[in-house]
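*Asks:* A single structure is presented below for examination.
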Amino acid sequence: MCEPALRGLRRLFPDAQIALLVKPAVADLFAGHPALTRVLTYDTKGRHAGLSGKWILSGQLRRQGFDLAVLFQNAFEAAFLTFLAGVPRRYGYVTDARSLLLSDPVAVPDRRTLVHQVRYYWDLLKPLGLTGDPPTPERP
């Protein structure tokens, strides 16, 4: 569902190195995606399990030197990891009590208006300057 938003992110930052952090089960879905420079895996059942695993992962992310994180996932854990990793700009929807961990909190759309998940992810990028409507998702 975030595939169109990834293309939107590439449109916003055509020369950027864009990495996507995903769980191993979905890593192959994003391998070779034209908007991505690389795919990083987050192994919650192995080396990144527990608090010590989060610490290890945040250190790995810190060494990458990211300057912006766009948190498509609404989990507290996603904001916590990027905060620990020292990513200076952390964009994400204000959910799961994570607003203090986000440098650039984005208000959640009105919950009374149902929107497709593709639009929800696309709209997250609007504060960064993305305009228009999301394109149709492409098949890998």
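Read the figures in this text as sums done on the coordinates, not as results from a lab. As the structure is a prediction and not an experimental result, all values here were calculated from the model. Heads up, the Cβs are rebuilt from the backbone with ideal geometry, glycines too, and the neighbour counts pull from every protein chain shown.
*Asks:* Tell me whether the range 88-99 contains one or more residues that are surrounded by fewer than 16 Cβ atoms within 10 Å (Cβ to Cβ), within 23 Å of residue 36 (Cα to Cα) and touching a residue at least 40 places away in the same chain (Cβ under 8 Å).
*Replies:* Residues of the range 88-99 surrounded by fewer than 16 Cβ atoms within 10 Å (Cβ to Cβ): 88-89, 94, 97, 99.
Filter once more, keeping what is within 23 Å of residue 36 (Cα to Cα): 88-89.
Adding the requirement that they be touching a residue at least 40 places away in the same chain (Cβ under 8 Å) leaves none.
For the range 88-99, residues surrounded by fewer than 16 Cβ atoms within 10 Å (Cβ to Cβ), within 23 Å of residue 36 (Cα to Cα) and touching a residue at least 40 places away in the same chain (Cβ under 8 Å): absent.
*Asks:* Which of the residues spanning the range 19-39 are within 20 Å of residue 74 (Cβ to Cβ) and among the hydrophobic types (A, V, I, L, M, F, W, C)?
*Replies:* Once the filter is applied, which keeps residues that are within 20 Å of residue 74 (Cβ to Cβ) and among the hydrophobic types (A, V, I, L, M, F, W, C), the range 19-39 yields 19, 20, 21, 22, 25, 26, 29, 30.
*Asks:* Within the range 121-134, how many residues turn out to be without any contact (Cβ under 8 Å) to a residue 40 or more places away in the chain and either buried (at least 16 other Cβ atoms within 10 Å of the Cβ) or of a type in the set (Asp, Glu) (or both)? Quick ask: steps written out before the conclusion?
*Replies:* First, the residues of the range 121-134 that are without any contact (Cβ under 8 Å) to a residue 40 or more places away in the chain: 123, 126-127, 131-133.
Filter once more, so that each one left must be either buried (at least 16 other Cβ atoms within 10 Å of the Cβ) or of a type in the set (Asp, Glu) (or both): 123, 133.
Total satisfying the criteria: 2.
*Asks:* Among the residues of the range 39-62, is any under 21 Å from residue 118 (Cα atoms) and buried (at least 17 other Cβ atoms within 10 Å of the Cβ)?
*Replies:* Within the range 39-62, the first condition is being under 21 Å from residue 118 (Cα atoms), and the residues that meet it are 39.
Filter again for buried (at least 17 other Cβ atoms within 10 Å of the Cβ), leaving 39.
Yes, because at least one residue in the range 39-62 is under 21 Å from residue 118 (Cα atoms) and buried (at least 17 other Cβ atoms within 10 Å of the Cβ).
*Asks:* Out of 70, 94, I need the residue that is over 12 Å from the mean Cα position of the chain (by Cα) and of a type in the set (Val, Ile, Thr). Which one?
*Replies:* Details: 70 fails: over 12 Å from the mean Cα position of the chain (by Cα).
Testing whether each residue is over 12 Å from the mean Cα position of the chain (by Cα) and of a type in the set (Val, Ile, Thr) leaves just 94.
*Asks:* For the range 77-117, enumerate the residues that are among the hydrophobic types (A, V, I, L, M, F, W, C) and within 15 Å of residue 22 (Cα to Cα). Break it down stepwise before answering.
*Replies:* Filtering the range 77-117 down to residues among the hydrophobic types (A, V, I, L, M, F, W, C) leaves 78-81, 83-85, 87, 94, 97, 100-102, 106-108, 114-115.
Of everything in the range 77-117, those that are among the hydrophobic types (A, V, I, L, M, F, W, C) and within 15 Å of residue 22 (Cα to Cα) turn out to be 78, 79, 81.
*Asks:* Suppose the filter is surrounded by 13 or more Cβ atoms within 10 Å (Cβ to Cβ) and farther than 22 Å from residue 120 by Cα; does residue 82 pass it?
*Replies:* The answer is no for residue 82.
Condition check ((1) within 25 Å of residue 25 (Cβ to Cβ); (2) within 14 Å of the chain's Cα centre (by Cα)) across all residues:
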site	(1), (2)
55	yes, no
77	yes, yes
99	no, no
104	no, yes
122	yes, yes
131	no, no
